[in-house]
Amino acid sequence: MASWKVWVVGLLAIVVGCDSSPLEVGPGGAQVTLLNVSYDPTREFYLEFNDSFSKHWEETTGNKVVVDQSHGGSGKQSRAVIEGLEADIISLALAGDIDAIAKTAKLLETDWQSQLPHNSSPYTSTIVFLVRKGNPKNIRDWNDLVREGIEVITPNPKTGGGARWNYLAAWGYVLRKELGDFTALRDSNRTADVANAEKKARGFLKELYGHVPVLDTAARGATNTFLQRKIGDVLLTWENEAFLALKEMGSGEVELVVPSLSILAEPPVAVVTKNTVKHGTEQVARAYLEYLYSPAGQQLAAKHFYRPRSTEFSTKDVQNKFAQLELFSLSDLAADWNAIQEKHFKDRTGI
């Protein structure tokens with residue numbers, strides 16, 4: 001908490017004490033507009049967060065800020081920014097999508113993840129299941145998804161970030177089951193075991209996607225397919241999206257199923273430096289992201305069922321709602337997102 005205060009105080013000293021673009025700071029409460037390009041199921045969270053930050057910014061600087069939002073599949077959103085959508089801020093589902101913007105369009109620094117705590121991931125989530133009332137197909141874990149007659153709803157990993165977390169959660173489940181633990185992946189004496197486990201994992205994923213009747217482009221579309229169109233027996237989804245569905249649908253229509261093992265999903269955020277310099281919004285954009293780590297930002301993340309990095313800022317009631325399960329991280333599977341992308345999601349070498 002103390003460290004967050006230092007960031008904000010330092011930033012405000014820069015904003016108030018330096019000459020800056022008239023777009024950002026001006027007499028009489030100048031207004032600036034930011035564009036946050038985000039992934040699919042963050043709408044409700046950022047709608048409330050934007051209002052909180054706008055009030056905070058005006059109270060501390062005397063200036064007004066309006067934050068516009070763009071939502072869609074994380075991969076599609078990344079490509080949109082690369083192709084010219086002038087985001088000031090990006091809050092995407094996975095680091096690989098921001099890396100693509102940095103490397104392909106050179107709109108921000110390649111070391112962007114080092115610029116904020118926790119590798120620029122202010123909140124986390126995981127992947128869980130939603131099933132129909134009473135769980136009529138008795139779906140309890142990943143292996144149940146490929147039973148005869150089970151229809152699985154999950155979005156397309158080519159376009160959606162959440163879909164890639166779904167895929168990797170299933171992949172990790174099989175590897176863990178076959179190898180015992182993930183250290184085998186880095187053990188030169190177990191190369192044959194790893195090759196056999198990965199062969200089984202590929203077979204499992206192929207079989208799983210054979211049970212998917214509709215492949216939506218992103219998480220919210222998949223949720224609507226499951227809830228509104230009533231297609232499928234089980235939805236693979238972000239934990240926060242599952243809780244939101246339970247809240248909106250009420251008790252009795254769907255139920256949460258927590259698998260035995262899942263992945264720690266770490267959605268990252270970044271300032272699109274080149275665009276903010278062009279717009280004169282760099283300082284307020286950085287303040288916006290730092291506010292995600294503040295007590296108010298962490299409380300709002302928890303309220304919207306994201307796992308806050310600082311659990312002290314969320315209520316016990318919210319903390320107790322989070323699924324209790326064993327989580328593995330992306331680093332258990334590979335060195336980084338580049339390796340994951342090459343192995344699983346790149347055209348012709350992955351899915």
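The values are calculated or read from the model by the stated rules, or taken from the named source; none is laboratory data. Being a predicted model, the structure only gives us computed values, none of them experimental. Neighbour counts are summed over all protein chains in view; Cβ atoms, including those assigned to glycine, are modelled from backbone coordinates with ideal geometry.
Points worth noting:
- Test: residue in segment 232-241 that is assigned by TED's automatic domain parsing to the domain that holds VAL212, of a type in the set (Ser, Thr, Tyr) and closer than 24 Å to LEU330 by Cβ: yes
- The sole residue among LYS303, LYS247, LYS274 that is surrounded by fewer than 20 Cβ atoms within 10 Å (Cβ to Cβ) and outside the structural domain of LEU94 (by TED's automatic domain parsing) is LYS247.
- Among the residues of segment 215-233, the one identified as among the hydroxyl-bearing types (Ser, Thr, Tyr) and closer than 14 Å to LYS158 by Cα is THR217.
- Residue check: VAL37 meets all listed conditions (1) within 14 Å of the chain's Cα centre (by Cα); (2) modelled with pLDDT under 95 but one, namely (2).
- Residue tally, condition of a type in the set (Lys, Arg), modelled with pLDDT of 95 or more and either buried (at least 21 other Cβ atoms within 10 Å of the Cβ) or farther than 19 Å from GLY232 by Cα (or both), over segment 139-185: 3
- Selection from segment 258-301 of residues that are free of Cβ contacts under 8 Å to residues at least 40 places away in the same chain and farther than 17 Å from ILE89 by Cα: GLN299
- Candidate set from segment 250-268 (those that are surrounded by fewer than 17 Cβ atoms within 10 Å (Cβ to Cβ) and among the charged types (D, E, K, R)); member that is nearest to the chain's Cα centre (by Cα): GLU255
- Comparison of ALA170, ALA201 shows that the only residue that is in contact (Cβ under 8 Å) with a residue 12 or more places away in the chain, part of a helix (DSSP H, G or I) and more than 14 Å from ALA334 (Cβ to Cβ) is ALA170.
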